[in-house]
Amino acid sequence: MIKYALICDQGHTFESWFSNAEGYETQVKRGFVECPTCQTKQVSKAMMAPSVSTSRRKEAIRAQTAAMTAAAMQAQAHAQSAAGPPPAIPAPVETPQPVALLDEGQQALRAMVRELHEKLTENSTDVGDRFTTEARDMQSGDTPLRPIHGRATLEEAKALIEEGVPVLPLPTLPDEWN
Ligand SMILES: [Zn+2]
């Protein structure tokens with residue numbers, strides 16, 4: 001593409017682009033180029049235009065190149081600073097500290113339950129899973145009555161109570177709460 005400064009027979013100057021010098025000649029001969037001011041097709045190259053246009057273009061190109069260079073240098077500097085000195089050493093990760101889950105009221109409750117559990121079991125025998133059998137044997141008189149404690153399912157405990165066996169569900173120890 002080539003830009004020509006043109007002038008019409010009325011003295012109006014304007015600029016127009018052509019594919020090349022030949023393209024200019026062809027378009028002007030065919031009447032495709034007209035003055036934007038008076039619409040005459042009697043146009044010709046303005047004698048002074050080419051040199052002016054060329055120098056302006058060189059200036060423009062120089063300015064553009066300078067701008068691009070500055071931008072490229074900026075980008076490079078930015079990249080260098082990003083990859084440059086290592087970032088500050090992160091603060092040491094805080095070691096998790098034991099956390100107090102219980103307030104005073106809950107701690108007192110736990111102590112009470114533990115104490116109750118101890119009182120209920122201190123004189124009784126832990127018969128474990130045989131609790132239901134032992135309780136029935138005592139109830140029926142097959143074995144001497146003695147305080148026992150152990151484990152029974154809810155169904156077993158209900159059955160014992162229905163049979164008249166004095167059963168008291170023990171509170172679970174705080175250690176078993178978790
Ligand atoms: Zn004109």
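A short reminder: the numbers here are calculations on the coordinates, not readings from a lab. Model, not experiment: these values are computed from the prediction. For neighbour counting, all protein chains shown are included, and Cβ atoms are generated from backbone atoms with ideal geometry for every residue, glycine included.
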Give me the net charge of Pro169's neighbourhood, meaning all other residues with Cβ under 12 Å from the Cβ of Pro169; Lys, Arg count +1, Asp, Glu -1. +1
So if each residue of separation counts as 0.36 nm, and I subtract the Cα-Cα distance between Leu173 and Lys29, what length gain in nm does that give? 40.9 nm
Take the Cβ-Cβ distance between Asp103 and Ser140 as r, set R0 to 41 Å, and report the resulting FRET efficiency rounded to the nearest 0.05. 0.30
Inter-label distance for Gln39 and Met1, nm, one decimal - labels placed 7 Å from Cα along Cα-to-Cβ: 2.7 nm
